Amino acid sequence: MSDDRAERVAAGRPVIVLPCSGVGKAFGSISREATWLVVEQLRPAVTKTMCLALLTLGDEDAVREVRESRVITVDGCPTACARVNVEQSGGSPAAVRVFDVFRGHREAGEIGVTDIGAAGRRLARVLAEEIARKVDEIRAEEG
Amino acid sequence: MLPGRVRVKIGLIACSGEALPGGTVTRLAVRRVLEALRPDDTVTLCLPLFLAGSERERSFAHKFPTITIDGCEKRCAARATAKCSAPPAASLIVPDLLAERGLPPPRELRALDEAGMRATDETAAAVAAEVDRLLAEPRA
């Protein structure tokens, strides 16, 4: 185990799940819903989320936290704001893209931005389970 | 509008704070202004695009008089907009706005509770009023 990983395990730091803000896109809303499902229901004891805007601002505490923690970013569009903001803050995230999950579930139906609807909630659940698997992989790697 | 005049649009930037109920309120309030209250007069941008996007995104607050809407006193949207683009024309902070009106803070992140829905209504109305004020200002 590398020194930085050993430090994280010793500190018992939760995995940070960080969705994009996606205020204009339905997939942004899904990334957000899936993140909350993970941190509130699927893996509440070992994950947390934080505000992505803190990284855009360059908030020192938030930047330090993503550098010292394992981070999973969840992006709703190819610009990958969450991943890029974490990388520019010095973090090395595992990246999940909503589109990759959606490709396997095209039957999902119409999804809105403000209200993602039943189809959006189904997709968010699938995405959340994918994120939870990644959380488990990361924790298994860290022993 | 006079022929040849460019229609001014107002930029809206929500903090969208994923980790706090006020962030959800900012996001929903901005969506309501964009979709229902002032659809012809407003545009938006995802705040993290200031870092992840190009010069085009970073020129947003130069191009559009911008209103930032923040869910907490850290004011990430207002400060990041000023830092990465240009100072916003107006800034709203949800807890301040609710305190002025004697309303309780929202407590739920995902499905807004009654306080969250009321906060969204009030924030959206305040943003729409700021849009009207900025559009009424004389321009060079």
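The values are calculated or read from the model by the stated rules, or taken from the named source; none is laboratory data. Just so we're clear, the structure is a prediction, and the values are computed from it rather than from any experiment. Cβ coordinates were reconstructed from backbone atoms using ideal geometry, including for glycine residues, and neighbour counts include every protein chain displayed.
Okay, here's what the table says:
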| item | result |
| --- | --- |
| Odd one out for B:C84 among (1) under 20 Å from A:G58 (Cβ atoms); (2) surrounded by fewer than 18 Cβ atoms within 10 Å (Cβ to Cβ); (3) not β-branched (V, I, T) | (2) |
| Residues that are among the polar types (S, T, N, Q), away from chain B (no Cβ under 13 Å) and either in contact with a Leu (Cβ under 9 Å, 6 or more places away or on another chain) or buried (at least 16 other Cβ atoms within 10 Å of the Cβ) (or both), drawn from segment A:67-107 | A:S69 |
| Residue match in segment A:42-60 (condition: in contact with a Phe, Trp or Tyr (Cβ under 6 Å, 6 or more places away or on another chain) and at pLDDT 90 or above) | yes |
| Matching residues in segment B:114-140 - criterion: being among the polar types (S, T, N, Q) and either assigned to a loop (DSSP other than H, G, I, E, B) or surrounded by fewer than 17 Cβ atoms within 10 Å (Cβ to Cβ) (or both) | none |
| Residue count, segment A:25-66 (criterion: assigned to a helix (DSSP H, G or I), of a type in the set (D, E, K, R) and under 14 Å from the mean Cα position of the chain (by Cα)) | 3 |
| Residue list for segment B:82-113, restricted to those being closer than 19 Å to B:S16 by Cα and not in a loop (DSSP other than H, G, I, E, B) | B:A82, B:K83, B:C84, B:A90, B:S91, B:L92, B:I93, B:V94, B:P95, B:D96, B:L97, B:L98 |
| Among residues of segment A:51-78, those that are of a type in the set (A, V, I, L, M) and in contact (Cβ under 8 Å) with a residue 40 or more places away in the chain, counted | 4 |
| Test: residue in segment B:47-67 that is out of contact with any strand residue (DSSP E or B) (no Cβ under 6 Å at 6 or more places or on another chain) and modelled with pLDDT of 95 or more | no |
| Condition met for B:K74 (within 11 Å of chain A (Cβ to nearest Cβ), more than 13 Å from the chain's Cα centre (by Cα) and not in a helix (DSSP H, G or I)) | yes |
| Residue match in segment A:27-50 (condition: on the phi > 0 side of the Ramachandran plot, touching a residue at least 12 places away in the same chain (Cβ under 8 Å) and within 9 Å of chain B (Cβ to nearest Cβ)) | no |
| Selection count, segment B:36-69, where residues are outside any strand (DSSP E or B) and facing chain A (nearest Cβ under 7 Å) | 8 |
